[in-house]
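Notes follow once the structure below has been shown.
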2 protein chains.
Amino acid sequence: MGYKDFIDLSYKPKDDIVCQFRVEPAKGISVKRAAEMVAGESSVGTWTDVSTMKPRIKKIGARIFSIKGKNVKIAYPSILFEKGNMPQILSSIAGNVFGMKAVEGLRLDDVSFPRSITNSFQGPLYGIKGIRKLLGVKKRPFVGTIVKPKIGLNESEHAKVAYDAWSGGIDIVKDDENLSSQKFNKFEKRIVKTLKMRDKAEKETGEKKVYMANVTADVGTMLRRAEFVKDNGGRYMMVDIHTVGWSALETLREANDDLKLVMHAHRAGHAAFTKDPRHGISMRVISQITRLIGLDQLHVGTAVGKMFETKQDVLNNCDALRSNMNGIKTTMPVSSGGLHACMIPALVKIFGNDFIIQAGGGVHGHKDGTVAGAKSMRQALDAAMNDIPLKECAKKNKELATAIRQWD
Amino acid sequence: MGYKDFIDLSYKPKDDIVCQFRVEPAKGISVKRAAEMVAGESSVGTWTDVSTMKPRIKKIGARIFSIKGKNVKIAYPSILFEKGNMPQILSSIAGNVFGMKAVEGLRLDDVSFPRSITNSFQGPLYGIKGIRKLLGVKKRPFVGTIVKPKIGLNESEHAKVAYDAWSGGIDIVKDDENLSSQKFNKFEKRIVKTLKMRDKAEKETGEKKVYMANVTADVGTMLRRAEFVKDNGGRYMMVDIHTVGWSALETLREANDDLKLVMHAHRAGHAAFTKDPRHGISMRVISQITRLIGLDQLHVGTAVGKMFETKQDVLNNCDALRSNMNGIKTTMPVSSGGLHACMIPALVKIFGNDFIIQAGGGVHGHKDGTVAGAKSMRQALDAAMNDIPLKECAKKNKELATAIRQWD
């Protein structure tokens, strides 16, 4: 069948993975032809007819069932996939196809997984509901920070910065994505010191506080470090999902049945393949996959701030994390990158209440230091939750007033 | 320091990871300014000055030491990195930076790792030399095939196609990147049957034959499957490196100290981030990383065939795999995608002798079937090695003659 016979516009997907691609064909090739090549290469075809083909195999090929302009929908029968094996699924639907000469650009915009596939993944252990229960926060969004500078503080300095942030009202303190276990800041020592400060901050503020320890490494090391976090009373681990990879994440999630940590996903590197709307994989698809595997929290962009994504992109990502997915628990969206207190009302309007607002520079860059920066974040959040204009609220809150003077 | 103070044009890199980026700044931003933001975000900076910065930390920041047009070289002191932790290294040098608004496009073109970093990775167990020794082939390139159709054959059919290919003269038979363990073709059963056929083919041809079994899955499953291959007399495993991820590959490589299998890297999905020369990560960098972690063989493009890369791209990739790298063993380049016998002389001119020529459709799509397709490949290779024009050689070799009629 070479790359032929993959179109069936009358087909209604049933037990199929449905992919929505945007196809930018190479010069001289039609969208339809390029789509056929994509459907073939990603299922049972290759560039030429093969003598080893069997009639029954033709029947399990991918089916293009919709072509609208450059938007093409392809259904892949679930039998093509190994259940619970995300790398195998992606090697099919998001594999060789990007490298074909026949497409100038190819974008995997959206995926819908049938129940036979979603059932084979674990999904988040906590989800948004579980995280709210664990932290005892019913309605408002969470405020978080990243310890800054990104890298270079020693373990005690790190713990002190975290403590200051918690004291000022921050719920969640996160390691930087670049920090794992360096000479000047060893993982185990950092975890012990920082969790001790967390306990102190909890006692003093009467609030539950979270430390997200970055376990990013090879699999054996990640598992040991996650266990270490658990043994020392930690409740969260964080991991850089793209530089670690899907295989390790499945394994980490499986181990988390025992560890029972909340899993936070940082997405360092994603924009190498999500940024160009004409090529690569959308962050919406990454959101779906991350949720399916079972991470509880995921960075999805800011709409404002230093990252590139539009409001619509961010809403698409949030939808993938929070809407119904055959009973898979939800994943909490995290907004992070160039944020500060003054952006909070706009963020709450975009994201709603079920999300985390993370500010690194926006907390530690506050003119009066980390505690003041943290306070300005909580003050701005209170204002947003009570529909009070920031400037109004700033009259009684000097930290917010300073943040406004500094950044607005 | 916000995103300032990251330029030092007089700096000479020593114990640094040196990255060559191509920077396409966003509108209204200079290359220099965009480069500073990249260097800051990927080391110790963020979008604003932070109160928690220390003078000693400024000193370990990244240094831009060369700006030529849009090409920027940045040196990262090795202290910023956790040795042997590729995910952490990539979260720094190939992490958030791609998503910054300040860059319209950002391409990581090349990386050079200092000895302190290369020493912390295992590198290939075999390398080109070890593979030649294992297979008893001194000089010529290897010819391989992928079982086709990509997916859908049962275990016995799969083994039979492999046997036919080996009988016709193919050295290496590879699972398709989409095939792992599906309902219609279970991993264990396939391995047993295919390795049995390999033994038969070896006995009949007097040549060493290779079966590359695709272990792509979560980490636990991969390790179990690799062990199964070993226990059943297999010598190779293959893995889809990008859909599996770097963390799992490090763990698999570590386990391979005991397994002692040759590790073959398929790169399904790479082109989502390698295809656009103005954005993402080059395949040359992927080649460097893959070699450092320790895969013995890697797909690097075809220059001809169905994949997009140019001859220069492919040569850059081969150079990354085969040139000196602080004593790390070499990785064998694999050329695969839309190839057939008629392309072999051109391929040998481009790649030299140390590589694998893989043809799927080019073997099983031969008009007279798989055995004939395999023969045509070996005949073309013999011609290329002896500098005989293909048409000359085809006079005495009907399989090659048919391939020429079919495809040339």
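Quick one: in the stretch B:57-82, which of the residues that are among the charged types (D, E, K, R) and modelled with pLDDT of 95 or more is farthest from residue B:36 (Cα to Cα)?
My answer is B:82.
Restricting the search to the stretch B:284-306, which residues are in contact (Cβ under 8 Å) with a residue 60 or more places away in the chain and of a type in the set (A, V, I, L, M)?
B:285, B:289, B:292, B:293, B:295
Quick test of your reading of the structure: residue B:102 fulfils all but one of (1) of a type in the set (Gly, Ala, Ser); (2) at pLDDT 95 or above; (3) buried (at least 17 other Cβ atoms within 10 Å of the Cβ). Name the failing condition by number.
That leaves (2) as the condition not met.
Return the total of residues in the stretch A:94-150 being within 14 Å of chain B (Cβ to nearest Cβ) and not β-branched (Val, Ile, Thr).
Adding up the residues that qualify gives 21.
How many residues, within the stretch A:316-356, are under 30 Å from residue A:161 (Cα atoms), over 14 Å from the mean Cα position of the chain (by Cα) and not charged (D, E, K, R)?
So the count comes out to 15.
State whether one or more residues within the stretch B:175-182 are surrounded by fewer than 24 Cβ atoms within 10 Å (Cβ to Cβ), at pLDDT 95 or above and among the acidic types (Asp, Glu).
Filtering the stretch B:175-182 down to residues surrounded by fewer than 24 Cβ atoms within 10 Å (Cβ to Cβ) leaves B:181-182.
Filter once more, so that each one left must be at pLDDT 95 or above: B:181-182.
From the residues that got through so far, the ones that are among the acidic types (Asp, Glu) too are none.
No, the stretch B:175-182 contains no residue that is surrounded by fewer than 24 Cβ atoms within 10 Å (Cβ to Cβ), at pLDDT 95 or above and among the acidic types (Asp, Glu).
Output the residue which, of all residues in the stretch B:8-51 that are modelled with pLDDT under 95 and of a type in the set (Val, Ile, Thr), is farthest from the chain's Cα centre (by Cα).
For the stretch B:8-51, the residue satisfying everything is B:50.
Filter the stretch B:266-283 down to the residues that are in contact (Cβ under 8 Å) with a residue 60 or more places away in the chain and crowded, with 24+ Cβ neighbours inside 10 Å and list them by number.
Looking only at the stretch B:266-283, we keep the residues that are in contact (Cβ under 8 Å) with a residue 60 or more places away in the chain, and these are B:266, B:268, B:276-282.
Hits for the stretch B:266-283 are B:266, B:268, B:279, B:280.
Is it the case that residue B:190 is over 21 Å from residue A:255 (Cα atoms), assigned to a helix (DSSP H, G or I) and within 14 Å of chain A (Cβ to nearest Cβ)?
Details: over 21 Å from residue A:255 (Cα atoms): yes; assigned to a helix (DSSP H, G or I): yes; within 14 Å of chain A (Cβ to nearest Cβ): yes.
Considered against the rule, which asks whether it is over 21 Å from residue A:255 (Cα atoms), assigned to a helix (DSSP H, G or I) and within 14 Å of chain A (Cβ to nearest Cβ), residue B:190 comes out as yes.
Check the stretch A:32-39 and report whether any residue there is touching a Ser or Thr at 6+ places or on another chain (Cβ under 9 Å) and either outside any loop (DSSP other than H, G, I, E, B) or free of Cβ contacts under 8 Å to residues at least 12 places away in the same chain (or both).
No, every residue in the stretch A:32-39 fails to be touching a Ser or Thr at 6+ places or on another chain (Cβ under 9 Å) and either outside any loop (DSSP other than H, G, I, E, B) or free of Cβ contacts under 8 Å to residues at least 12 places away in the same chain (or both).
Counting only residues that are more than 11 Å from chain B (Cβ to nearest Cβ), part of a loop (DSSP other than H, G, I, E, B) and either in contact with a strand residue (DSSP E or B) (Cβ under 6 Å, 6 or more places away or on another chain) or surrounded by 19 or more Cβ atoms within 10 Å (Cβ to Cβ) (or both), how many does the stretch A:59-80 have?
1
Hey, does the stretch A:347-356 have a residue that's facing chain B (nearest Cβ under 8 Å), more than 15 Å from residue A:300 (Cα to Cα) and surrounded by fewer than 22 Cβ atoms within 10 Å (Cβ to Cβ)?
no
Table: residues versus (1) closer than 29 Å to residue A:239 by Cβ; (2) within 12 Å of another protein chain (Cβ to nearest Cβ).
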| residue | (1), (2) |
| --- | --- |
| B:261 | yes, no |
| B:284 | yes, no |
| B:296 | yes, no |
| B:299 | yes, yes |
| B:307 | no, yes |
| B:311 | no, no |
| B:319 | no, no |
| B:325 | yes, no |
| B:335 | no, no |
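Any idea how many residues of the stretch A:81-111 are more than 19 Å from residue B:219 (Cβ to Cβ), under 19 Å from the mean Cα position of the chain (by Cα) and not in a strand (DSSP E or B)?
Total meeting the criteria: 1.
The values are calculated or read from the model by the stated rules, or taken from the named source; none is laboratory data. Remember, it's a predicted structure, so these values are computed and weren't measured experimentally. Cβ coordinates were reconstructed from backbone atoms using ideal geometry, including for glycine residues, and neighbour counts include every protein chain displayed.
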